[in-house]
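Notes for the one structure printed next.
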Amino acid sequence: MTSQVIEGGAPSRGRAFLTSFMKNILPAAPLLLIVGFFFLFPITRLIYVSFLSNDNTFTIDNFKTAIQEPYRTGFINSIKIGVFSAAIAAFPGALAAYFIETRGSSKLRRTIAVMSGVLANTGGVPLAFMFYAALGIQGYLTKALKYLGWDLYSGTFSLGSFVGLLIVYLYFQLPLMVIVFSPAIVSLRREWSEAARNLGASQFNYWIRIGIPLLFPSFIASFLLLFASGFSAYATANALTVGNLPLTPLQIGGLLDGNVSAAQLNLGKALGVVMIVISACAVIPYLAIQRRSAKWQKR
Amino acid sequence: MAKALRIKFQPPLAITLLILGFFVFLPMLSAFEYSIRTPLTGGYGWTHYIWAVTEEDFLHYILRSMWLAGVTVLITLFVLVPTMTWLHLSNSKVRGLIDGLSLLPLVIPVVAFAVGAQISFPEFVQNTVLELPFLYFVLALPYAYRSLDIGLNSIPLKTITEAARSAGANWLRTITSVIIPVIRGSVMATIALTFALSLGEYTLTVLLHWDTFPTWVTYVAQDNILGAIAISMMSLIIPFLILTVITLFVPERTIQGRK
Amino acid sequence: MSSKSLSLKNISKRFGNVNALDNFNLEVGVGELVALLGPSGCGKTTALRVVAGLEHQDAGTVLVADKNISDVPAHKRNMGMVFQAYSLFPNLTVEENVAFGLQMRKVSKHLRLKKAHELLDLVGLDSQSKRFTHQLSGGQQQRVALARALAFEPEILLLDEPLSALDAQVRVNLREEIRRLQISLGTTTLFVTHDQEEAMAISDRVGVMNNGVLEQIDTPDALYNKPASSFVASFVGTMNRIPAHISNGMVEIFGSKVVALKRGNESGKVHALIRPESISVVATTTQGNAKVLTRSFMGASSNIICQTADGTIVQSLMTSASTGDLLPGSSVQLRILSSEVLVANV
Ligand SMILES: Nc1ncnc2c1ncn2[C@@H]1O[C@H](COP(=O)(O)OP(=O)(O)OP(=O)(O)O)[C@@H](O)[C@H]1O
Ligand SMILES: [Mg+2]
């Protein structure tokens, strides 16, 4: 019976489909089911529901509201904090990654890898505490700066303000930059700098003609990922601000908790969808660049 | 020992580490100082740590976070690792699809994901805390996938598998006793990563109204600030220790790919 | 051309407690191609890198045309180098890669592209000049690397196992190409390899290295026929080591007495060092002095492996025509064809 199928005969269409299914898809079924049910399904449903009015008819009113005040300011602030925190963290983070990867011992590199992993995941109340202790009104650094003649709190500064939040965000953005940029540095081959020197290039010329052009795509890619991370950070903003700084993630959280009431039940979903669209604008180029530069990163 | 000391002194590296160290440790140490203050005596002591660990909820929540993280790791080990091994071996058509899917969670802000999760799952899923490990698994997927991919790409998978199969091992045994040991470096790195992410996840957990160790800190902070700071310090140190222990078992080269 | 002579005097280089180069001396004449040959880790690459200035020696001097260049930084030494693999710049096209050295020397764009095309033409890749390097095969990449190293007319060309990542067929073609180019351009060349056939095939002289020391440097012919040490003798080509006894400057091998070429105070029990082609195997009907173990046919010649009565394995290389009756297991008579043999202490 079975041998008949294998020997070729002429298995029926259904059967051919079944064998092909068993061979090509079945082993991946558990993963596909999990990702489908716990990820694709909620996201699809989110998008679907965001187009529903309170009495479940199709509408784009949720989106109309989502791009008006106060949500408009929320988006602008969130984009701003994403861009600024990424811009400030990207260059120092890249430089740090460079020195650590090229000059550090393997022990140091491993330690930094572990530490960056933990630090890039800090946030929320613990991170808020650390910065209250250092940069709060009674913080150590605040006192030290005051002693040196710079009173941080003489103006409008607070940790819950835009600038305050920006500083706190750097605490996880810098390690994140180290994590995502390090592979690019590792992929710079020693042969390239040696060949360049051998061909008559000074250190400066090597960086201008070879090193920087090779690192640049990864740098932009890392910047985009950092933007997405700063743009969508929730826990830390939630712990530090007290409603004084409108940010989209907080607005969504408020709508979800029922702390804020909105006339439109599905407004939060529409805000979520707009966030996804903005985030996708950053992450998709990131992924595309990664894929492209993987070509010469392969060895 | 003497060898380690002979490593050349590197000014740029030293300056980098100094600045980074300052930025990382100043807030941490400041908070630590707060956490060991004893306002009653005006001195220092472990009062708040002792208070925290003797609190009934402490053990409850830390154990809960640990086993949720443990389940996430199990899903990674029993679903992701075999599937990826199979994908690398079979050149199946779904590989491209799964490649793309695995990166998709990077695109979705966690807040948006939380909203989607809240309105989608049937009641029996929403009522069990076991939904969390699956969601954590999704959040960790882009990183876990990449780290396993590096490991699987670095070994002659086909040859190893054919050798094991011709020696009489079935598929399951081939994966568990041949392939996993060979790529244990990147498996360990993946476990470390998944575990750390699950242990510290806050946004999704709190928006879905679950209580775990990270959300408990917020709750404690409402009436015992110093105690909450002590717990916060532990919530930083515990994953750090666990990660260090796990990565100690990782062979040198696999963490950052190959040099 | 602008080719110059190269000389390394008493170079020493240590890495930790490894002596990569130990009082190393080497002279390469103008327009000469010298190959450095030796086992892995013997210091070949280190020697080349010291010449290029990518590594600085602990002691000794590097002279180019009798001028000490030890303190000249790598990018000011006028030397072209080809690395083992992967050294092409991935962000530049083939022609930009080749023109890079001239660009660094501030040659105008027009002239440097002209020169780049000239060299690409020489290595047969002019049609690929607009491509990026990851679109080329391994052999093509190494051709581009060669063109790049030659484009700025270096005083000295340095090659570090440029062929080792390539297939056998490509290796043979490319090594001939390197030699042809080197002769036509007259560039002084130092070529590192651990493939002795490669070294022998294209070099004017071959230097054999061991443990950071140059054991012998000579023409391929002399190296093969008059090895200066037992190490060189066994490293270059195949060498039979047959136990023998010296008396009055003669050794007896397979029943005939031949002159022993002594290099030191070898005496008493020694090994006679004999090339496979200096041993003939003849089938006998009587009790011979050895038995055939295997015979492998290699076209015009065949490789016969025999075992003598005392257990020594002997390899012989003969024209295939005369080996028809040498079946495995058959009794044979071994004879030595040369009248002198090298000897080495046991
Ligand atoms: N940067 C370095 N650090 C430490 N040791 C080194 C370094 N470079 C070379 N060595 C050591 O110096 C010795 C000579 O190395 P070298 O690379 O010159 O060998 P080689 O003859 O080129 O070998 P191969 O044929 O394998 O390329 C080796 O023992 C090697 O381990
Ligand atoms: Mg070498």
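The values are calculated or read from the model by the stated rules, or taken from the named source; none is laboratory data. Given the structure is predicted, the values throughout are model-derived calculations rather than measurements. All Cβ positions, glycine included, derive from the backbone under ideal geometry; neighbour counts span all protein chains shown. Surface accessibility is based on the protein's heavy atoms, side chains included, excluding ligands, DNA and RNA. Shrake-Rupley method; radii C 1.70, N 1.55, O 1.52, S 1.80 Å.
Observations
- Of residues in the stretch C:44-54 being within 12 Å of ligand 2 (Cβ to nearest atom) and within 12 Å of another protein chain (Cβ to nearest Cβ), the one least open to solvent (accessible area, probe 1.4 Å): C:L48
- Filtering the stretch C:250-278 to residues that are without any contact (Cβ under 8 Å) to a residue 24 or more places away in the chain and within 27 Å of C:G288 (Cα to Cα) leaves C:M250, C:E252, C:K257, C:G268.
- Residue in the stretch B:50-63 that is away from chain A (no Cβ under 12 Å) and closer than 30 Å to B:S186 by Cβ present: yes
- Residues that are free of Cβ contacts under 8 Å to residues at least 60 places away in the same chain and among the hydrophobic types (A, V, I, L, M, F, W, C), drawn from the stretch C:123-150: C:V123, C:L125, C:F132, C:L136, C:V144, C:A147
- Members of the stretch C:81-117 found to be within 12 Å of C:F152 (Cβ to Cβ) and more than 7 Å from chain A (Cβ to nearest Cβ), listed by number: C:V98, C:A99, C:L102, C:Q103, C:K106, C:V107, C:L111, C:R112, C:K115, C:A116
- Residue check, A:I289 assigned to a helix (DSSP H, G or I), more than 10 Å from every other protein chain (Cβ to nearest Cβ) and either at pLDDT below 85 or open to solvent by less than 30 Å² (accessible area, probe 1.4 Å) (or both): yes
- Only helices (runs of 4 or more DSSP H) whose full extent lies in the stretch A:159-222 are considered here, and the ones with at least 1 residues that are basic (K, R) are A:190-198.
- When C:F132, C:F152, C:F191 are checked against the criterion of being open to solvent by less than 10 Å² (accessible area, probe 1.4 Å) and either within 14 Å of chain A (Cβ to nearest Cβ) or within 16 Å of ligand 1 (Cβ to nearest atom) (or both), a single residue qualifies: C:F191.
Residues checked against (1) touching a residue at least 24 places away in the same chain (Cβ under 8 Å); (2) more than 15 Å from A:S193 (Cα to Cα); (3) surrounded by fewer than 20 Cβ atoms within 10 Å (Cβ to Cβ):
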{"site": "C:T61", "(1), (2), (3)": "yes, yes, yes"}
{"site": "C:K67", "(1), (2), (3)": "no, yes, yes"}
{"site": "C:S70", "(1), (2), (3)": "no, yes, yes"}
{"site": "C:A74", "(1), (2), (3)": "no, no, no"}
{"site": "C:N78", "(1), (2), (3)": "yes, yes, yes"}
{"site": "C:P90", "(1), (2), (3)": "yes, no, yes"}
{"site": "C:V94", "(1), (2), (3)": "yes, yes, no"}
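- Per the conditions (1) more than 24 Å from A:F231 (Cα to Cα); (2) open to solvent by less than 50 Å² (accessible area, probe 1.4 Å); (3) more than 10 Å from chain B (Cβ to nearest Cβ), the sole criterion not satisfied by A:F162 is (1).
- Sole residue being modelled with pLDDT of 85 or more and touching a helix residue (DSSP H, G or I) at 6+ places or on another chain (Cβ under 6 Å), chosen from C:S316, C:S330, C:S320: C:S316
- Residue in the stretch B:154-168 that is part of a helix (DSSP H, G or I) and facing chain A (nearest Cβ under 10 Å) present: no
- For the stretch A:104-142, the set of residues classified as without any contact (Cβ under 8 Å) to a residue 40 or more places away in the chain, under 15 Å from B:S35 (Cα atoms) and hydrophobic (A, V, I, L, M, F, W, C) consists of A:F129, A:A133, A:A134, listed by residue number.
- Identity of the residue in the stretch C:155-180, away from ligand 2 (no atom under 16 Å from the Cβ) and among the polar types (S, T, N, Q), that ends up surrounded by the fewest Cβ atoms within 10 Å (Cβ to Cβ): C:Q169
Quick grid of which residues meet (1) within 14 Å of chain C (Cβ to nearest Cβ); (2) in contact (Cβ under 8 Å) with a residue 24 or more places away in the chain:
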residue	(1), (2)
A:G155	no, no
A:Y171	no, yes
A:L176	no, yes
A:S187	yes, yes
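- Residues of the stretch C:227-243 satisfying the condition of being among the β-branched types (V, I, T) and out of contact with any Asp or Glu (no Cβ under 7 Å at 6 or more places or on another chain): C:V236, C:T238, C:I242
- Test: C:S108 is more than 16 Å from ligand 2 (Cβ to nearest atom) and exposed (fewer than 15 other Cβ atoms within 10 Å of the Cβ): yes
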